[in-house]
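I have placed the structure first, in the form of C-alpha cells, so that the comments after it can refer back to it.
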Amino acid sequence: MNIKQAEFIFENEALNLSKEKIHFHTIQFLTREKSKFIYDYKPYGSCVLVKIRNQFLIFTASHIPTDVPNNSLYVNTRIGEQQVIGFCHQTDFKSDSFLDVAYIILDKMLGLLISEKYEFLPIEKICHSHIPKETTNYMVSGYPVKNIWKNDGDIYTGSSHFLLSMANQKAYKYYSIDPEKNYVLNFAGKGIDIIERNHDRIDDPHGISGCGLWFLQARLVAGKMVLEYVLIGIMALFKKSKYHVLIGNKVELIMADIEKELGINFDWGILSK
C-alpha cells in the first residue's frame, strides 16, 4: 500500500466514522422567531453531547448562549423542537475572544429525550492534553447554516465533517493565540466535506461554532484500517486575513471546571494523547 492508497482508505474510513458515530454526538442549536401566527426556527450554532456519570451535558462555544435572541435555545428531538433547559457555565469571551467555551448541565428529562435520537459521548472518548501532530488527522464536525431545509413545517438539518491539519506556529503568532488554550487548524479557504465529497471553496463556515474538534487515529485490526476517535476541543472562531484558519479551545478548559462543579476527579492518565 502506497501513501496515496493509505490516504484514500483513511478518508473513506473517516466518512464511515462521521456517519456512524460523530454525527450522532453532534447536535444543532436553533432559535425561534414568531412569524404571524407560527414560530419559525433558524439554525444557531453547533454543540457536542456528553455524558459524565449520570449527568447529560452539552459542550459548546460561550458566545452562543450569550448572544442568543430572547435567551432561548432549542434542539430538534424525536417529538420536535424542544427548548434547552439546564444550568449554563461559560467563559467571558468578551474579555478574551480566544477563550470561548461553555457547557450546559441539561435537565435530565431533556437529556433522556435527546438520547432517543442522538448518542451522548462517554468520558472515555475525551482526550486531555492532546499533543498536536503534523498530519491531516483532525475532524471538525458541525452544522453550517447552509445545511438546513424544511418540509411540511418540520425542520431538517445536515451536518458537515471536514478533515483538516494543524496550523504551524506562524499562524498562532500572527493572531496572538495562546497554544496552551487553543488549537488552530488550516482552512485555507476550503474544507474537505467528506459527506458531500465537496472540495469547493468555503469562505464562511458560519454555524459550526460550538462543534467538536476530533482527533482520528488509525490502527490495523486483522489487516484492516480502523479509526479511533477522541474529542480534543470545541470550535469557536475563524480568521481569514493572512492565514485562513479555524480556532478551537482545548477541551480540558471545560473539564477543569466540570471537575470543580460536579466534585469529580477524572483519571486522565487512562486516556490516549
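List of remarks:
- Taken over the stretch 63-98, the criterion of being out of contact with any strand residue (DSSP E or B) (no Cβ under 8 Å at 6 or more places or on another chain) and among the charged types (D, E, K, R) is satisfied by Asp67, Arg78, Asp92, Lys94, Asp96.
- Test: Ser18 is out of contact with any helix residue (DSSP H, G or I) (no Cβ under 9 Å at 6 or more places or on another chain) and either of a type in the set (Lys, Arg) or crowded, with 20+ Cβ neighbours inside 10 Å (or both): yes
- The stretch 64-88, residues that are aliphatic (A, V, I, L, M) and at pLDDT 90 or above: Ile64, Leu73, Val75, Ile79, Val84, Ile85
- Test: residue in the stretch 56-76 that is surrounded by fewer than 21 Cβ atoms within 10 Å (Cβ to Cβ), among the β-branched types (Val, Ile, Thr) and closer than 18 Å to Cys211 by Cβ: yes
- Taken together, the residues in the stretch 77-122 that are surrounded by fewer than 19 Cβ atoms within 10 Å (Cβ to Cβ), of a type in the set (A, V, I, L, M, F, W, C) and within 18 Å of the chain's Cα centre (by Cα) amount to 4.
- First in the stretch 238-257 and touching a residue at least 40 places away in the same chain (Cβ under 8 Å), second anywhere and surrounded by fewer than 17 Cβ atoms within 10 Å (Cβ to Cβ) and part of a helix (DSSP H, G or I), Cβ under 8 Å, 6 or more apart: Lys242/Tyr174; Tyr243/Lys170; Tyr243/Tyr174
- In the stretch 255-267 there is no residue matching the filter, namely being at pLDDT 95 or above, within 27 Å of Phe120 (Cβ to Cβ) and either in a helix (DSSP H, G or I) or not hydroxyl-bearing (Ser, Thr, Tyr) (or both).
- Residue within the stretch 61-75 that is assigned to a strand (DSSP E or B), closer than 18 Å to Tyr143 by Cβ and touching a Gly at 6+ places or on another chain (Cβ under 7 Å) present: no
- Residue within the stretch 169-190 that is at pLDDT below 60 and surrounded by fewer than 20 Cβ atoms within 10 Å (Cβ to Cβ) present: yes
- The set of residues from the stretch 156-168 being under 16 Å from Gly248 (Cβ atoms) and either modelled with pLDDT of 95 or more or not polar (S, T, N, Q) (or both) comprises His161, Phe162, Leu163, Leu164, Met166, Ala167.
- Test: residue in the stretch 228-246 that is modelled with pLDDT of 90 or more and farther than 19 Å from Tyr183 by Cα: yes
The values are calculated or read from the model by the stated rules, or taken from the named source; none is laboratory data. Predicted, not measured: the structure shown is a model, and the values here were computed from it. Glycine also receives a Cβ, built like all others from the backbone with ideal geometry; neighbour counts cover every protein chain displayed.
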